[in-house]
There are 2 protein chains.
Amino acid sequence: MTVTAALRTGELAERAGVNVETLRFYERQGLLPVPPRRTSGYREYPAEAVDLVRFIRRAQHLGFSLREIKELLNLRAVPRATCADVAGLAQRKIEDVDAKIRDLRAVRSALAELVNECPRAAPLAQCPIIESLSREPIPKRDHRPKRKS
Amino acid sequence: MTVTAALRTGELAERAGVNVETLRFYERQGLLPVPPRRTSGYREYPAEAVDLVRFIRRAQHLGFSLREIKELLNLRAVPRATCADVAGLAQRKIEDVDAKIRDLRAVRSALAELVNECPRAAPLAQCPIIESLSREPIPKRDHRPKRKS
DNA sequence: CTTGACTCCGTACTATGGTACGGAGTGGAT
DNA sequence: ATCCACTCCGTACCATAGTACGGAGTCAAG
């Protein structure tokens, strides 16, 4: 069987759709295993590296940070790791996403309310949007003196 | 009428609920107007500064970046600016938020599908989550075998 | 053998939104 | 008068996710 030709940084970068510098960056971050080198120092990536880099990018698009992706990848090194471990991480991420969606919905309705209240013609000084954003927060707790009272 | 006592950085920071350093940072960023100083060099903030800083924080929570907040605040200096200008910015922000929500929903269903497919007991090597994230880009609906470039 | 593209490296820089540090000067309560 | 929290300043640093730079070395085609 033929050993698949090794890839150089430029080739891997192109196939995976990233920048060459990004590969070095991922390597420094421990996301991409350090590949063997030619005597010249050139990196020689195995063909699977393409999948790995793609994996990283996909996971990023799903909202995983590089740190989390590393966690996901490190799971491969755990002998008894199962698919369920991965599913667990994904499930946690779903919860994160749900929370973000909820937050954004709250933000959206706050914004919509402001826009709705806006009597477009009013001069800025009376703009209820500006005004309502500047009001006091809900509670005004005790203020323990630091120096003066 | 009494001139309201001027605030020092620490007081403003406490009332507005931010860090003293953050005030300096906002000042450097042009978000907070440069306040008058005592002869000692101490900043003397007018009481309104509290509202201003609160405004900044609120707007941040609504998803405005400091740059956008600056834009919002600069509007005050435009003589003919109206509430409608502010509403316009808010409306744009609503659209941004809607787009983010849509993206997150797509991400969520992609994640949910992965988790659903997962036969929890499978060893990692056959994990369909890992597998599917590593596959080639988009359904290359073009069946031509990818030739070396 | 020359040329031009590619790769190497360390370092610095981008943007975002702050925090932290350290030494010097200030102010007000005791 | 002393004490010490408070404030000043410039600068450096944090995390995140890269991008850019520049000089040196390498590879392969012509």
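Data for the structure
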{"item": "Per residue accessible area in Å² of region B:1-80, where ligands, DNA and RNA are left out and the probe is 1.4 Å", "result": "63 Å²"}
{"item": "For the protein assembly as shown, Cys with no neighbouring Cys Cβ under 4.7 Å", "result": "A:Cys118, B:Cys118"}
{"item": "Hull shadow area, averaged, region B:82-134 [alpha-carbon convex hull, nm²]", "result": "4.5 nm²"}
{"item": "For region A:1-80, projected area of the alpha-carbon convex hull averaged over all directions, nm²", "result": "6.5 nm²"}
{"item": "Residue with peak Gaussian network fluctuation, chain A [Cα springs, cutoff 10 Å], from A:Gln29, A:Gln60, A:Gln126", "result": "A:Gln126"}
{"item": "Mean shadow area of the protein assembly as shown over all directions, Cα convex hull, nm²", "result": "26.4 nm²"}
{"item": "Carbon and sulfur %, accessible surface of the protein assembly as shown computed with the full protein complex present, 1.4 Å", "result": "51 percent"}
{"item": "When chain B is reduced to its Cα atoms, the Kirkwood hydrodynamic radius in Å", "result": "20.5 Å"}
{"item": "Where GluC sites (Glu not before Pro) fall in DSSP loop in region B:18-127, at most 15 other Cβ within 10 Å", "result": "B:Glu44"}
{"item": "At most 14 other Cβ within 10 Å, DSSP loop - trypsin sites (Lys or Arg not before Pro), region B:40-139", "result": "B:Arg80, B:Arg120, B:Arg135"}
{"item": "For region A:82-135, accessible area per residue (1.4 Å probe, heavy atoms of protein chains only), Å²", "result": "52 Å²"}
{"item": "Unsatisfied cross-links (Cα-Cα over 20 Å) in the set A:Lys100/B:Lys93; A:Lys100/B:Lys100; A:Lys70/A:Lys100; A:Lys70/B:Lys100", "result": "A:Lys70/A:Lys100; A:Lys70/B:Lys100"}
{"item": "Residue of B:Ser109, B:Ser65, B:Ser132 that the Gaussian network model of chain B assigns the largest fluctuation, springs spanning Cα pairs under 10 Å", "result": "B:Ser132"}
{"item": "Selected from B:Ala99, B:Ala81, B:Ala122 as most flexible by GNM, with chain B as the system and alpha-carbon contacts under 10 Å", "result": "B:Ala122"}
{"item": "B:Asp96 accessible area, 1.4 Å probe, all protein chains in place, Å² to nearest 10", "result": "70 Å²"}
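The values are calculated or read from the model by the stated rules, or taken from the named source; none is laboratory data. In this text, all values refer to a predicted model and were calculated from it rather than measured experimentally. When we count neighbours, we look across all protein chains shown, and the Cβ atoms used for this are built from the backbone with ideal geometry, even at glycine. When the accessible area is computed, the model is the full protein with side chains, heavy atoms only, and any ligands, DNA or RNA have been set aside. Shrake-Rupley method; radii C 1.70, N 1.55, O 1.52, S 1.80 Å.
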